[in-house]
Amino acid sequence: MRWIRALCLLALLLPNLAMAERWRLGTVELPPSISAHAVQQGYYAVLLRRVLQEIGAQAEFVFLPTQRAYQMALEGQLDGAFPYKRTLERERFFWFSEPFFMAKVQVFLRASDGWDPGGIRDLRSQIGCTLQGAQAPAVLQIEIDAQRVPLERVSQIEACFRMLQAGRVRFVIAGQNTGWAAAQALRAEGPRLRAAHFVLAEEPVHLALSRRVPASSERLRAFNQALRKLRAQGVLQQLEAAHVPPPPPLE
């Protein structure tokens, strides 16, 4: 009986991971920020795990095509999803957290292309590519709505960069580090890629929790409190410094 009591005491003292609340979060392949194949599943995963750890929860990342991840979260089949841009339309279906990361969005080109756009106006009448379901930065969305910047949309961001290499599009809109990773991964497959000499936008990255999940509003409050606490303590900044790669070199 003594050993049984000892085991019970040990169970009380050790962190009870089995009892930790599990959040199933839909996401997409956007290396190096989030990927099933990246170390620790990418730096978005590292940041989110740390925030959830603070509130006694665990993350399960479910990698899906962009539209499917969004739809499953919208229907409450997942607890939430990321990284989807916060819009008035989406706020009807989701609670959006405070930003857990600020992502730089850039324009990527073929290195051999002599074209050097200096701003959003220079993209007019040029065919670009971006991820299906991705909401463009506001400055670009104005141009898209006015039909001044045509965009192809694909379900996997790698397809955009292959289209760029093949000359089927003239530019790709992607996160700075996503573009850098693609440029490195596709280096041996075709023409080299480079980033334009301007940052298109800096976009906040949110966690979106489904309004169809009853616990979402309370989870949002706890998540935001933990996020603010860890940011004030410098914990998240240290994680970013350790896990976020440096900006891509301009060629």
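At a glance:
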| read-out | value |
| --- | --- |
| Number of positions in the stretch 89-136 that are touching a strand residue (DSSP E or B) at 6+ places or on another chain (Cβ under 6 Å) and assigned to a strand (DSSP E or B) | 15 |
| Lone qualifier among Val39, Val46 - being touching a His at 6+ places or on another chain (Cβ under 9 Å), β-branched (Val, Ile, Thr) and surrounded by fewer than 16 Cβ atoms within 10 Å (Cβ to Cβ) | Val39 |
| Pairs where the first residue, in the stretch 98-114, is more than 30 Å from Arg221 (Cα to Cα) and aromatic (Phe, Trp, Tyr) and the second is open to solvent by less than 50 Å² (accessible area, probe 1.4 Å) and outside any strand (DSSP E or B), C-beta under 8 Å, 6+ apart | Phe108/Phe161; Phe108/Leu164; Phe108/Gly179; Phe108/Ala182; Phe108/Ala183 |
| Among (1) at pLDDT 95 or above; (2) under 21 Å from Tyr43 (Cβ atoms), the one test that Ala181 misses | (1) |
| Every residue from the stretch 151-161 that is open to solvent by 50 Å² or more (accessible area, probe 1.4 Å) and in contact with a strand residue (DSSP E or B) (Cβ under 9 Å, 6 or more places away or on another chain) | Glu152, Arg153, Ser155, Gln156 |
| All positions within the stretch 80-108 that are at pLDDT below 95 and acidic (Asp, Glu) | Glu89 |
| Ala195 being in contact with a Phe, Trp or Tyr (Cβ under 7 Å, 6 or more places away or on another chain) and either touching a residue at least 40 places away in the same chain (Cβ under 8 Å) or over 28 Å from Ala38 (Cα atoms) (or both) | yes |
| Residue count, the stretch 102-150 (criterion: open to solvent by 20 Å² or more (accessible area, probe 1.4 Å) and of a type in the set (Phe, Trp, Tyr)) | 1 |
| Residue check for Tyr84: assigned to a helix (DSSP H, G or I), in contact (Cβ under 8 Å) with a residue 60 or more places away in the chain, open to solvent by less than 30 Å² (accessible area, probe 1.4 Å) and not aliphatic (A, V, I, L, M) | no |
| Residue satisfying all of: in the stretch 30-52; under 12 Å from Pro83 (Cβ atoms) and in a loop (DSSP other than H, G, I, E, B); nearest to the chain's Cα centre (by Cα) among these | Ser33 |
| Matching residues in the stretch 53-68 - criterion: being in a loop (DSSP other than H, G, I, E, B) and open to solvent by less than 50 Å² (accessible area, probe 1.4 Å) | Gly56, Leu64 |
| Residue within the stretch 166-178 that is surrounded by fewer than 18 Cβ atoms within 10 Å (Cβ to Cβ), hydrophobic (A, V, I, L, M, F, W, C) and free of Cβ contacts under 8 Å to residues at least 24 places away in the same chain present | no |
| Selection count, the stretch 205-223, where residues are open to solvent by 20 Å² or more (accessible area, probe 1.4 Å) and among the polar types (S, T, N, Q) | 1 |
| Criterion violated by Gln71 - all others in (1) more than 30 Å from Ala222 (Cβ to Cβ); (2) open to solvent by 60 Å² or more (accessible area, probe 1.4 Å) satisfied | (1) |
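For every residue, the table says whether it meets (1) on the phi > 0 side of the Ramachandran plot; (2) part of a helix (DSSP H, G or I); (3) of a type in the set (A, V, I, L, M, F, W, C).
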residue	(1), (2), (3)
His197	no, no, no
Leu200	no, no, yes
Pro204	no, no, no
Arg212	no, no, no
Glu218	no, yes, no
Asn224	no, yes, no
Arg231	no, yes, no
Ala242	no, yes, yes
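The values are calculated or read from the model by the stated rules, or taken from the named source; none is laboratory data. Bear in mind the structure is a predicted one, so any value in this text is a computation, not a measurement. Don't worry about glycine lacking a Cβ; one is built from the backbone with ideal geometry, like all the others, and counts go over all protein chains shown. Each accessible area value is taken on the protein alone, full model and side chains, heavy atoms only, with ligands, DNA and RNA left out. Shrake-Rupley method; radii C 1.70, N 1.55, O 1.52, S 1.80 Å.
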